[in-house]
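Only the coordinates and a few stated rules stand behind these numbers; no lab work does. Quantities reported herein were computed from a predicted structural model and do not represent experimental measurements. Positions of Cβ are backbone-derived with ideal geometry, glycine not excepted, and every protein chain shown enters the neighbour counts.
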Amino acid sequence: MQNNFLQWTTIIVIVFIIMACARSIDLNPKKNLIFDVPEGWPQPVYNFSKNPLTASKIALGRMIFYDPILSRDSTISCASCHLSYTAFTHTDHDLSHGIEDRIGTRNSLTLTNLAWSPSFMWDGAVNHLDMQSLAPISHSTEMDFDIELVINRLNSNFKYQTAFTEAWGSELITGERFLKSISQFVLTLVTSNSKYDQIMRSEAGVEFTEKEQKGYEQFKAKCSSCHVEPLFTDYSYQNNGLAVDSTLNDSGRMLITKNSIDSLKFKVPSLRNIEFSYPYMHDGRFRRLKFVMKHYSKGIVEHDNLAKQLRGKINLSSDERVELIAFLKTLTDKEFLFNKSFTYPKSHH
Amino acid sequence: MQMLQKLIFLITLLIIVYSNIKAQNTQQIQISFRPVYLDRTLTIDLESDIKLDSTDVVIDLFRCYISNLEFVNKKNRVFYEKDSYHLLDAEKLETLSFSLEVKKEILYDSIRFMIGIDSLTSISGAMGGDLDPTKGMFWTWNTGYIFFKLEGESPICETHKNRFVYHLGGYDGLYAAQQWVTLPVTNNNDINIMIDLDDYMQKIDLIVQPNLMRSGKSAFKYSQYASSIFKIIK
């Protein structure tokens, strides 16, 4: 009984102190930022309460993102394969490449709207955004390094000691703080201001052209069951009828689930900024959107587990393909692609 | 300012009184793990270069996650440790024992814990402390903790540098490899648990499967072996 009384007294006193301090917290430049969910979008899946955004942590994450210190020979950074001007993917390369020109087996994905993504990688190998960067750091054809050694490097680097102190309140650099900082930066890569978005928000003076409108109708009829609006993906894994590339023999999602039903399935990617994120597909086999159109209308291979929506032909006349591409280009968000707060952080160098 | 000083004094006083009362009602229970190999406490020797005889089997790395530790009395849970995640590492003695603060009146007849990390924690992003992914117990190419890691060398292994490597894990699906271990204990302030690596080495086959580094059916089977080697030292 006495024990209980003391506990309550302590709590009340502490609450009183917190209230007294509340005003000064408000003025703190390191205060938690609110993650803006665009109008009409679903709630994000990322749990911000476990990693509240702050300006200094986002800045630290950005500094890490652009730093080749993460790779074994300090030659490549995250940004080597994820460039801001191309929706954070690597154009003109079908497969990603790492240190010493080593070539991987898959095309880099775009890094956009990651707060909504329940899993990562083309095959869903990574189950949480925080853990994503561990994969390229350790992969032999990417950074070919080791998280423990990365942390050692950062711990002996004055620039990072300062930045971690600024962001996390002490110069202790741990795997957890490192990973959460990267998450903070990439979480800010939200693209939601394309022409399509402006039209959906009924903004004055923005309208689809006739061609785009027809393309949108085609899209809703033939594509949107997997590329679900407004994120333009349902985050599922599908076999979309690509012929197997015998030089790669990539069985996709099956590598993770070890279940043959997942053979040749890959994540449905978002179509946002697709105009700038070529080449297309998990192995970057299509260099232009017209080849993607050709695949879906003529090139589907009838694998046993082909996505049911692709069974029976998707008929697209040549006019319809042109209209569909016109619509897809309305998903380009120039404000996102040229956002200065996402580019190389000059102030740190 | 004076007001603030008074407050700080008051709080300090409260904390002291509170912790005194708490200390009187609780007891410290020490849990110690002892990896045993060749009938002796396993010591990891990375310095000396020993020439191995043809049948020698040397273990030079042993790490394992113990989590969700609880005390049970007549099949009812009577105590559980909060944020219960412990990485045991044979190379670091300080990781092999820890203490729990348990109310004095609690009676228990067994201790229960998981070998491995529960699936909820496995999907919850970056963690600190023993769960920090820099501890060498995390699969980077397919998210998940390695639950049990045992490596060594033997001339009987026809592998690169005669190494054998067992990394057991897999947090969900058909072959989720977490294993619960329940061991009978009496109300005692010291609980000593042997990890009988001789037993493990007898159950596995170094020639047929010297390497196992991914989740699946084999990892599941080997995890079951691993769960049977935890034994109370009386």
- Item | Positive-end residue of A:W168, A:Y216, A:V150, charge dipole of segment A:139-227 with Cβ unit charges | A:Y216
- Item | Inter-site label distance for B:S124 and A:N259 at 7 Å from Cα along Cβ, in nm | 2.5
- Task: Kindly provide the chymotrypsin sites (Phe, Trp or Tyr not before Pro) of segment A:150-245 that DSSP labels as loop, not H, G, I, E or B, and whose Cβ sees at most 11 other Cβ atoms within 10 Å.
- Result: none
- Work from the charge dipole of segment B:1-142 (Cβ charges, +1 for Lys and Arg, -1 for Asp and Glu, about the Cα centre) and give the residue of B:Y37, B:L14, B:M137 farthest towards its positive end. B:L14
- Task: Identify all lysines with a Cα-Cα distance to B:K103 below 24 Å; exclude those on the same chain that are fewer than 8 residues away in sequence.
- Result: B:K22, B:K74, B:K75, B:K82, B:K234
- Message: Would any residue of segment B:33-69 have its amide N under 16 Å from a label point 7 Å out along Cα→Cβ of B:I232? List them or say none.
- Response: B:33-34
- Query: Based on the Cβ-Cβ distance from B:L61 to B:D39, what FRET efficiency comes out when R0 is 22 Å, to the nearest 0.05?
  - Reply: 0.65
- Query: Using unit Cβ charges (K, R positive; D, E negative) and no other charged atoms, how large, in debye to the nearest 20, is the dipole of chain B about its Cα centre?
  - Reply: 960
- Mean residue ellipticity at 222 nm from the helices of chain B, using -39,500 (n - 2.57) per DSSP H segment of n ≥ 4 over the full residue count, to the nearest 500 deg cm²/dmol? -6000 deg cm²/dmol
- Item | Taking B:S228, B:S84 and counting other C-beta atoms within 10 Å, the order from fewest to most | B:S228, B:S84
- Ignore the peptide's own chain and count Cβ atoms of other chains within 10 Å of each Cβ in B:221-234; give me the average, rounded. 0
- Shielding by partners for B:5-14, please: the mean number of other protein chain Cβ atoms within 10 Å of each residue's Cβ. 2
- What is the distance, in nm, between label points placed 7 Å from the Cα along the Cα-to-Cβ direction at A:T247 and at B:I106? 6.2
- Message: With +1 on the Cβ of every Lys and Arg and -1 on the Cβ of every Asp and Glu, and nothing else charged, how large is the dipole of chain A about its Cα centre, in debye rounded to the nearest 20?
- Response: 260
- So which GluC sites (Glu not before Pro) in segment B:94-123 pass both tests, a DSSP loop state and at most 11 other Cβ atoms within 10 Å of the Cβ? B:E105
- Message: Just to compare against my own numbers: the Cα pair-distance distribution for the protein assembly as shown, 20 Å bins, whole % per bin, please.
- Response: 17, 44, 31, 8, 0
- Query: Which of the trypsin sites (Lys or Arg not before Pro) found in segment B:29-82 are loop residues per DSSP with 15 or fewer other Cβ atoms within 10 Å of their Cβ?
  - Reply: B:K51, B:K74, B:K75, B:K82
- Task: Excluding residues on the same chain fewer than 8 positions from B:K217, give the lysines whose Cα lies under 24 Å from its Cα.
- Result: A:K258, A:K265, B:K149, B:K203
- Task: Show me A:220-229, B:4-13 ranked by packing, highest mean number of other Cβ atoms within 10 Å first.
- Result: A:220-229, B:4-13
- Over chain B, what relative contact order in percent results from Cα pairs under 8 Å that are six or more residues apart? 23
- Message: Only counting other Cβ atoms within 10 Å, I'd like A:V45, A:V126 sorted with the fewest neighbours first.
- Response: A:V45, A:V126
- Message: Between segment A:274-346 and segment A:162-196, how far is it from one alpha carbon centroid to the other, in angstrom?
- Response: 30
- Structure-based [θ]222 nm, chain A - -39500 (n - 2.57) summed over DSSP H runs of at least 4, per residue, nearest 500: -10000 deg cm²/dmol
- Note on the structure: Exposure-ranked with fewest Cβ neighbours within 10 Å first, A:T105, A:T188, A:T112 stand as A:T105, A:T188, A:T112
- Expressed as a rounded percentage, what relative contact order does chain A have, with Cα pairs under 8 Å and six or more residues apart? 20
- Partner shielding of A:171-183, as the mean number of partner chain Cβ atoms within 10 Å, equals 4
- Task: Report the charge-dipole magnitude of the protein assembly as shown in Debye, nearest 20, computed about the Cα centre from +1 at each Lys and Arg Cβ and -1 at each Asp and Glu Cβ.
- Result: 1360
